[in-house]
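These notes concern the structure reproduced below.
The values are calculated or read from the model by the stated rules, or taken from the named source; none is laboratory data. Here the structure is a predicted model, which is why all the values come from computation and not from measurement. Don't worry about glycine lacking a Cβ; one is built from the backbone with ideal geometry, like all the others, and counts go over all protein chains shown.
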Amino acid sequence: MPDNFFDTHFADDLDRVDGRAKVTGAAKYSAEYFPTNLTYGVLAASTIAKGIINAIDTKAAEKAPGVIAVLTHQNLPQITGYQSAPGDDKTPPYKKGFKIWEDNKVRFYGQPIALVIANTLEQAKHAASLIKAQYTKEEAHTSFEEAIKKDKPLEGNPYKEYNRGEKDAWKSAPVKIEATYSQPIEVHNPMEPHAITVVWDGENKVTVYEKTQSLKDTQRNIMRLFGLKEENVRVISQYIGGAFGSAFNTWPHAVAALIGSRKTGKPVKLVLDRTQMFSSVGYRPAAVQHLAMGATQDGKLVGLLHEASANTASYREFTEGIVNGSRSLYACPSVTTRYSVYPLDLSEPTWMRGPGEATGSWALECALDELSYALKIDPLQLRLINYAENDPERNRPHSSKFLKDCYQLAADAIGWKDRKQEVKAIKEGDWYIGYGMAGGIFTAWRGGAKVNARLAADGSLTLQTAVTDMGPGTATAMTKLASDVLGLAPQKIKFEMGDSNLPPGIMQGGSGTTSSLGTTVNNACVTIKKKLTELVKDNSLFHTENIHEVKLNDLVFENGYMALAPDRTKRISYSDVLQRAGMQQLEILEESTGYGDNKYSTFSYAAHFIKLAVNPLTGVVKVQRAVSAIDAGKIVNDKIARSQVIGGVVGGIGMALMEEAVIDHRFGKIVNNNLADYHVPVHADIPQIEALFVNKPDPVLNPMGSKGMGEVSYVGVAPAIANAIYNAVGKRVRDLPITPDKLI
Ligand code: MOS
């Protein structure tokens, strides 16, 4: 990387507007609020995976120093949201969800069974350790491998078989492959643990500081739980230290803190420890996938079969789009997909880093690689042969698809021409060198959002909306966008967020924040420009021979001034416009709706290319280079976009080589429930990562021309690594993670 790399690449880019607050510690996370009379909550958890709590002894805990209250299912106050609705008894258990302390049942190991509230964290921890429960243990089923052999999967709509073309067409193709790919449970493990600080004002009004990707969903969940009015539930989430999908739900620990604080009348702070992060806030389900493909001798796909099974919890049906990518990424006339989900006595899974597609692409993109060897066709060439110009699932055009550009950019950058199709072809010392690639797809979408925009008489702009940011840099992207559209220096723009009292923004997830909120911010700036134009339409400064009443298109907006396009020396600052009009400020509430046209299919795309070295004696894999080229439409702010891709690739390296929750089925417990034993990549594991963007606008999805990018940056990284390992040493590992023992 040249010395001036950053200057030349990001000259026009904005640094993170909250970067300084984050690195100096000024940024406040949910556990960093200290309301007066703050008390501390610590949970005691079940030590069995399934059964009944016969008795729970809280006496010692209640008598321990500093303890204010101990809550269990035995002294649960009446909770509005816990009352069963008519017909509830007919709801199957896997659709019921889990309400903490609703009964004496244990559904998973580590289920919170009691909450201790004390004056200090240490007192609460000590008292929680004194709680003793007596159980009637039932046999817990926590093995996914056994479940898929013996159990029946759930039935219903999400599991409908998909078919197009001819069934089993792959079987009669001249060249075919068939393989099964598996992966363990993976846990989000953001740096910041989940935390909540609850402050009640009486029994019917509450403020919570909560790690959440969706302020409005959290607010609604709390409203429903306690039967409260919207204006009486305020959710604040100013900063989030990562989430990866773990922070959509209002999890049992948060509900416990809310109930406990309401009962004691004192503010309660509850922070999960790392161990609890493995049992309480979701995970990516384990999956086994069977892939079969058939092709003509010249590489044209004839038929494809993708059957996926994954786990869920006994009390929650969680489904995701595991097989969806296989229907639309490649042009294949005959496709069958099946999806099955098996309930286990584990806590519930949830969305995680490229949910669905990341799992599906692990199988699909490895299988294509296997097919490329069966055909003796370069795997990149194979993808080009089967490139889908239109969406083969829905038979309609894409709003934009520049995946070919992605392939080209990434292949050139990594030096794909140096790759050899034969395995074990390149050796450097003791290490075999391999190249691998894979594609990625993720739905691009746009939802509705509201933004309050206020241009003040001093020429500064304040944007306000109820959105949170788990790390991608939402405030930065929105500031950059507003700066570009309104023609105002970023330093004059303030983006206020993280508070449910602000106009409803959008949840942060599914790579849709910039697309959704950006539309509203863009439109708000356009509205302001129109209003400013209205205010100067009679101003003689802008009158010319042809212009007697100035219109929006006659003007340029730059650097805080509106100027006449043909003669930019004729200009007036926004501040002057407002002052002359006698206005303190110009304030608007902009609302934009989601994109719901069915004329186009909307996806983001990625091409991930990997170069790595494998030591055949030790089985160690060193990723040497990762190049990811992304079609995420027009890039709003290159610098933070690049960080998204780097993060996605780091996560993908974790998925490929390290991440695995290990369950001891005797206890139904995740045993590597800490960051010493659950491995994630550290700096030494991470090579040079190059993020490249096609940067061509999508003409349909939103006015910026952007598409989502966070998730697609992750989708396909793990198979690209597996494919490179095969290329290096000729070992096809179909079971994640690819740890050294599987390579020797
Ligand atoms: Mo993402 S898994 O929608 O946080």
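Odds and ends about this structure:
- Scanning segment 97-128 for residues that are outside any loop (DSSP other than H, G, I, E, B) and more than 16 Å from PRO252 (Cα to Cα) returns ALA118, LEU121, GLU122, GLN123, ALA124, LYS125, HIS126, ALA127, ALA128.
- Tally, over segment 422-432, of residues that are touching a residue at least 60 places away in the same chain (Cβ under 8 Å) and under 15 Å from ARG732 (Cα atoms): 3
- Checking GLY594 against (1) more than 30 Å from ALA388 (Cα to Cα); (2) in contact (Cβ under 8 Å) with a residue 40 or more places away in the chain, the condition it does not meet: (1)
- Counted residues, segment 682-717 - those being assigned to a loop (DSSP other than H, G, I, E, B) and in contact (Cβ under 8 Å) with a residue 24 or more places away in the chain: 24
- Of all residues in segment 266-294 being within 20 Å of ALA114 (Cβ to Cβ) and not in a loop (DSSP other than H, G, I, E, B), the one that is nearest to the ligand (Cβ to nearest atom): MET277
- Among the residues examined, GLY202 qualifies as without any contact (Cβ under 8 Å) to a residue 40 or more places away in the chain, away from the ligand (no atom under 16 Å from the Cβ) and at positive phi.
- For segment 374-394, taking the residues that are closer than 15 Å to MET293 by Cα and part of a helix (DSSP H, G or I), the one that is nearest to the chain's Cα centre (by Cα) is identified as ARG383.
- Residues within segment 63-94 that are closer than 18 Å to ALA114 by Cβ and touching a residue at least 12 places away in the same chain (Cβ under 8 Å), tallied: 15
- Residues within segment 483-501 that are over 23 Å from the mean Cα position of the chain (by Cα) and either within 16 Å of the ligand (Cβ to nearest atom) or in contact (Cβ under 8 Å) with a residue 40 or more places away in the chain (or both), tallied: 9
- Any hit, segment 519-539, residues being of a type outside the set (S, T, N, Q), more than 16 Å from the ligand (Cβ to nearest atom) and assigned to a loop (DSSP other than H, G, I, E, B): yes
- Residue check: ARG353 meets all listed conditions (1) free of Cβ contacts under 8 Å to residues at least 60 places away in the same chain; (2) within 16 Å of the ligand (Cβ to nearest atom) but one, namely (1).
- Candidates are the residues of segment 462-482 that are touching a residue at least 40 places away in the same chain (Cβ under 8 Å) and touching a strand residue (DSSP E or B) at 6+ places or on another chain (Cβ under 6 Å); the one that is nearest to GLN219 (Cα to Cα) is ALA466.
- Considering segment 319-362, and only residues there that are in a helix (DSSP H, G or I) and under 27 Å from VAL671 (Cβ atoms), the residue that is nearest to the chain's Cα centre (by Cα) turns out to be ALA358.
- Segment 242-265 residues that are over 15 Å from ARG284 (Cβ atoms) and away from the ligand (no atom under 16 Å from the Cβ), paired with ones that are of a type in the set (Asp, Glu) and not in a loop (DSSP other than H, G, I, E, B) (beta carbon under 8 Å, 6 or more apart): ALA254/GLU210
- Residue within segment 328-346 that is among the basic types (Lys, Arg), modelled with pLDDT of 95 or more and under 28 Å from PRO252 (Cβ atoms) present: no
- Among the numbered conditions (1) more than 15 Å from SER575 (Cα to Cα); (2) away from the ligand (no atom under 16 Å from the Cβ); (3) buried (at least 24 other Cβ atoms within 10 Å of the Cβ); (4) of a type outside the set (Asp, Glu), the only one that MET470 does not meet is (2).
- Residue within segment 317-325 that is modelled with pLDDT of 95 or more, more than 16 Å from the ligand (Cβ to nearest atom) and surrounded by fewer than 23 Cβ atoms within 10 Å (Cβ to Cβ) present: yes
- Of the residues in segment 488-500, at least one is in a loop (DSSP other than H, G, I, E, B), closer than 30 Å to GLY321 by Cβ and touching a Ser or Thr at 6+ places or on another chain (Cβ under 7 Å).
- Here segment 540-565 is the region considered, the condition is being crowded, with 18+ Cβ neighbours inside 10 Å and not in a strand (DSSP E or B), and the residue that is farthest from the ligand (Cβ to nearest atom) is PHE542.
- Sole exception among (1) within 26 Å of GLY648 (Cα to Cα); (2) crowded, with 24+ Cβ neighbours inside 10 Å for THR250, by number: (2)
- Some residue of segment 429-443 being in contact with a helix residue (DSSP H, G or I) (Cβ under 7 Å, 6 or more places away or on another chain), under 30 Å from SER328 (Cβ atoms), within 16 Å of the ligand (Cβ to nearest atom) and of a type outside the set (Phe, Trp, Tyr): yes
- Strands (runs of 3 or more DSSP E) lying entirely in segment 566-618 (those with 1 or more residues that are basic (Lys, Arg), under 30 Å from LYS731 (Cα atoms) and in contact with a helix residue (DSSP H, G or I) (Cβ under 8 Å, 6 or more places away or on another chain)): 603-614
- Considering segment 129-184, and only residues there that are assigned to a helix (DSSP H, G or I) and of a type in the set (Ser, Thr, Tyr), the residue that is surrounded by the fewest Cβ atoms within 10 Å (Cβ to Cβ) turns out to be SER172.
- Complete set of residues in segment 359-401 that are within 16 Å of the ligand (Cβ to nearest atom) and touching a Gly at 6+ places or on another chain (Cβ under 8 Å): GLY360, SER361
- Candidates in segment 9-57 are the residues that are assigned to a loop (DSSP other than H, G, I, E, B) and among the charged types (D, E, K, R); of these, the one that is farthest from the chain's Cα centre (by Cα) is LYS50.
- For segment 213-231, a residue qualifies if it is in contact (Cβ under 8 Å) with a residue 12 or more places away in the chain, assigned to a helix (DSSP H, G or I) and either within 16 Å of the ligand (Cβ to nearest atom) or buried (at least 17 other Cβ atoms within 10 Å of the Cβ) (or both), and the qualifying residues are LEU215, LYS216, ASP217, THR218, GLN219, ASN221, ILE222, LEU225, PHE226.
- Test: residue in segment 234-241 that is buried (at least 24 other Cβ atoms within 10 Å of the Cβ), away from the ligand (no atom under 16 Å from the Cβ) and over 22 Å from GLY510 (Cβ atoms): no
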